[in-house]
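Take a look at the structure set out below.
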Ligand code: FAD
Ligand code: EPU
C-alpha cells in the first residue's frame, strides 16, 4: 500500500490565480506518507488560493494532504470536533449551517482548505479562523504534536507555525444555534462580498493598512483596469488582481510593482510568493 503519490505538475493547475510553473507534487495518503514527503525540502499547498508561484515553478517538493485528511463527511454533530486539514472550508461552512452550528459564518466565500485557513488565519471582518480554533495537530520534526491554538499567536492574515510544520488536523469549537440565524449571518457576509470579482484571482493581493482598505486606496489612485499582459487590476475591486486568461507570474509581478509605484505609501503583499 503506497503512502504517497508523486507526480510532476504545473502549479498553475493547483492555484486559483492559474499562474506558476513546474513542481513535484507529493500527495500524502497517510501519516507514513507525511514522513516520507517531508524528508527533503518541501512546501505545503492547500487549495492554492493565496499563492503567487513563479513561472519557473519551485525546486522543493510540494506536499498536499489527500482526501484521507478530508473529514467533511464526519461532521455530523458535536460542536467541539477534530477535522482533517484537507477539509474544504466552503463545505464546512455550509454543513455547520445545516447542523445549526455557529462560528464559521464569517469565512463564507473563502475558497481554502482547513489547513490553509489555519496557516493564514483566514477571515473577514465578520470573523476569522482563530475565533473557533482550539488546538492543532502538527506534523513537525518527523512526528505528530498537538499545540494549543493560542500558541500560534494568530493575527490579521497571520499565524506563527513552527518551521517546517504541516497542519494535519484542527480542533474547532462551534456554538449550537438556529440554522436560520446562522443562514441570516451568512447572507450578511455574502452581501459584503458582492463587490468581489468572480474571475480567476488569489483573493486580495495586499493587506489592508491599519484603519483603511487597500482596495479603496488602489481605486482612489485610479488604478482599476491597469493591465500587464493578462494580469489586470479588477474593475470591480481594486485589491483583486485577475487573470484574464494567460497571465504569467512575470506579468503579475510587474503589475504589483506598478501599483505600488503609483501609491504614496507602498502596500504590503498578502499573498504568499513561491519560487522568487
Ligand atoms: P494555500 O493558498 O494553498 O497556502 C497558503 C499558505 O498556507 C502557504 O504558505 C502554505 O504553505 C500554507 N499552508 C497551506 N496548507 C497548510 C498546511 N496544512 N500546513 C501548513 N501550512 C499550510 N482570505 C481571507 O482571509 N479572507 C477572504 O475573505 C478571502 N477571500 C478570498 C476570495 C477569493 C476568490 C480567493 C481566490 C481567495 C480569498 N482569500 C481570502 C485568500 C485565501 O483563500 C486564504 O488565504 C486561505 O486561507 C488560503 O488557504 P489555502 O488552503 O488555499 O492555502
Ligand atoms: N472600496 C472601494 N473601491 C474598491 C474596493 C473597495 O472604494 O475597489 C471600498 C468599499 O466601498 C468599502 C471599503 O473600500 O468602503 C472596504 O471594501 P470591502 O468591504 O470590499 O473590504 P476590503 O477591506 O477591501 C476585506 C478583506 C477581504 C474580505 C472582505 C470582506 C483584506 C485585504 N481584504 O476586503 O479578504 O473578503 O474584507 O470582509 O483584508 C482576502 O483576504 O483575500 C480577502 C478577499
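Residues in the range 126-137 that are within 15 Å of ligand 2 (Cβ to nearest atom) and either over 16 Å from the mean Cα position of the chain (by Cα) or part of a strand (DSSP E or B) (or both): 126, 127, 128, 131.
In summary, strands (runs of 3 or more DSSP E) completely within the range 49-94 and bearing 3 or more residues that are more than 16 Å from ligand 2 (Cβ to nearest atom) and within 21 Å of residue 6 (Cα to Cα) occur at 61-65. Considering 170, 149, the condition of being more than 16 Å from the chain's Cα centre (by Cα) and under 30 Å from residue 36 (Cα atoms) is satisfied by 149 alone. Hey, does the range 60-75 have a residue that's modelled with pLDDT under 95, surrounded by fewer than 22 Cβ atoms within 10 Å (Cβ to Cβ) and touching a helix residue (DSSP H, G or I) at 6+ places or on another chain (Cβ under 6 Å)? Yes, some residue in the range 60-75 is modelled with pLDDT under 95, surrounded by fewer than 22 Cβ atoms within 10 Å (Cβ to Cβ) and touching a helix residue (DSSP H, G or I) at 6+ places or on another chain (Cβ under 6 Å). In the range 175-192, which residue that is touching a strand residue (DSSP E or B) at 6+ places or on another chain (Cβ under 8 Å) and more than 14 Å from ligand 1 (Cβ to nearest atom) is nearest to residue 124 (Cα to Cα)? Filtering first and then ranking leaves 185. Flag: residue 17 does not match the condition of being within 13 Å of ligand 1 (Cβ to nearest atom), within 21 Å of the chain's Cα centre (by Cα) and within 19 Å of residue 144 (Cβ to Cβ). Condition check: outside the structural domain of residue 31 (by TED's automatic domain parsing), surrounded by 18 or more Cβ atoms within 10 Å (Cβ to Cβ) and touching a residue at least 40 places away in the same chain (Cβ under 8 Å). Does residue 136 satisfy that? Considered against the rule, which asks whether it is outside the structural domain of residue 31 (by TED's automatic domain parsing), surrounded by 18 or more Cβ atoms within 10 Å (Cβ to Cβ) and touching a residue at least 40 places away in the same chain (Cβ under 8 Å), residue 136 comes out as no.
The set of residues in the range 95-106 that are assigned to a helix (DSSP H, G or I) and touching a residue at least 24 places away in the same chain (Cβ under 8 Å) comprises 96, 97, 98, 105, 106. Selection of first residues in the range 175-191 that are more than 23 Å from residue 111 (Cα to Cα) and of second residues that are part of a strand (DSSP E or B) and more than 16 Å from ligand 1 (Cβ to nearest atom), restricted to Cβ pairs under 8 Å at least 6 apart or on distinct chains, gives the following pairs, ordered by first then second residue: 176/101; 176/102; 177/101; 177/102. Is there a residue in the range 10-23 that is within 16 Å of ligand 2 (Cβ to nearest atom), out of contact with any helix residue (DSSP H, G or I) (no Cβ under 9 Å at 6 or more places or on another chain), outside the structural domain of residue 176 (by TED's automatic domain parsing) and in contact (Cβ under 8 Å) with a residue 24 or more places away in the chain? Within the range 10-23 (the criterion being within 16 Å of ligand 2 (Cβ to nearest atom), out of contact with any helix residue (DSSP H, G or I) (no Cβ under 9 Å at 6 or more places or on another chain), outside the structural domain of residue 176 (by TED's automatic domain parsing) and in contact (Cβ under 8 Å) with a residue 24 or more places away in the chain), the answer is yes, since at least one residue qualifies. Residues of the range 163-182 that are surrounded by fewer than 17 Cβ atoms within 10 Å (Cβ to Cβ) and assigned to a helix (DSSP H, G or I): 179, 180, 181.
Considering only the range 197-218, state which residues are near ligand 2 (Cβ under 6 Å from one of its atoms), more than 19 Å from residue 19 (Cβ to Cβ) and buried (at least 17 other Cβ atoms within 10 Å of the Cβ). 208, 214, 215, listed by residue number.
Scanning the range 129-144 for residues that are over 13 Å from residue 171 (Cα atoms) and touching a strand residue (DSSP E or B) at 6+ places or on another chain (Cβ under 9 Å) returns 139, 140, 144. A single member of 40, 74, 32 is in the same structural domain as residue 147 (by TED's automatic domain parsing), farther than 27 Å from residue 206 by Cα and free of Cβ contacts under 8 Å to residues at least 60 places away in the same chain, and it is 74.
The values are calculated or read from the model by the stated rules, or taken from the named source; none is laboratory data. It should be emphasised that the depicted structure is a prediction, and the values quoted were computed from it without experimental measurement. Positions of Cβ are generated from backbone atoms using ideal geometry, with glycine treated the same way; all protein chains shown enter the neighbour counts.
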